[in-house]
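Student: Got a structure for you, written out below as structure tokens; questions coming shortly.
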Amino acid sequence: MTGAARRLLSVACLGALALALASSASRAAEEEKRRQSYTVSEPVYKRINEAIEQLGEERFVEAHATLTALSRRSLNPHEQALVYQIYGFVEHSLENEAKAIEYFLKCLALDALPAAAQLNLRFNLSQLYMAEGRFAEATR
């Protein structure tokens, strides 16, 4: 390989490396920004916690009403995803599997939960699909 070819190859490799590093840095910055967006205001947190307590105490109608009141507020995507997720659990507890699926899909569509929570929700959704006999959808 000639000196010129070697230099050209070195420049090309360095360019590819710089591009890969820039892409990696960009993804890291996006992930950090995403992590910072997982915030819940104190008033919303209190209402979400109230709905979770009602759900745990099997006061499903009250939990649904708490979530409905909360949904009337201006919520950030993470807060809205949490509300949809809890709605899904309430509907599942009321044996309204189709509504639970609907709420879980809305939650996932926002893509506003941490990765582990999204994965857990996908697992719950798959279980609901299987319970409904919708096996093809359960394996997606």
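Student: Scan region 70-83 and report the pairs whose first residue is farther than 14 Å from Asp111 by Cβ and whose second residue is among the β-branched types (Val, Ile, Thr) and crowded, with 22+ Cβ neighbours inside 10 Å, with Cβ atoms within less than 7 Å and a gap of 6+ or a chain change.
Tutor: Listed pairs, sorted by first residue: Leu70/Val83; Ser71/Val83; Leu75/Val83.
Student: So which residues in region 81-104 are under 13 Å from the mean Cα position of the chain (by Cα) and small (Gly, Ala, Ser), if there are any at all?
Tutor: Ala81
Student: Within region 73-140, which helices (runs of 4 or more DSSP H) (wholly inside it) include 2 or more residues that are at pLDDT 90 or above?
Tutor: Answer list for region 73-140: 77-93, 97-110, 115-131.
Student: Restricting attention to region 57-70, which residues are exposed (fewer than 13 other Cβ atoms within 10 Å of the Cβ) and either assigned to a helix (DSSP H, G or I) or small (Gly, Ala, Ser) (or both)?
Tutor: Val61, Thr68, Ala69, listed by residue number.
Student: Kindly provide the set of residues from region 41-51 that are under 20 Å from the mean Cα position of the chain (by Cα) and buried (at least 16 other Cβ atoms within 10 Å of the Cβ), ordered by number.
Tutor: Val44, Arg47, Ile48, Ala51
The values are calculated or read from the model by the stated rules, or taken from the named source; none is laboratory data. Remember, it's a predicted structure, so these values are computed and weren't measured experimentally. Counting neighbours? That spans all protein chains shown, and the Cβs are built from the backbone with ideal geometry, glycine included.
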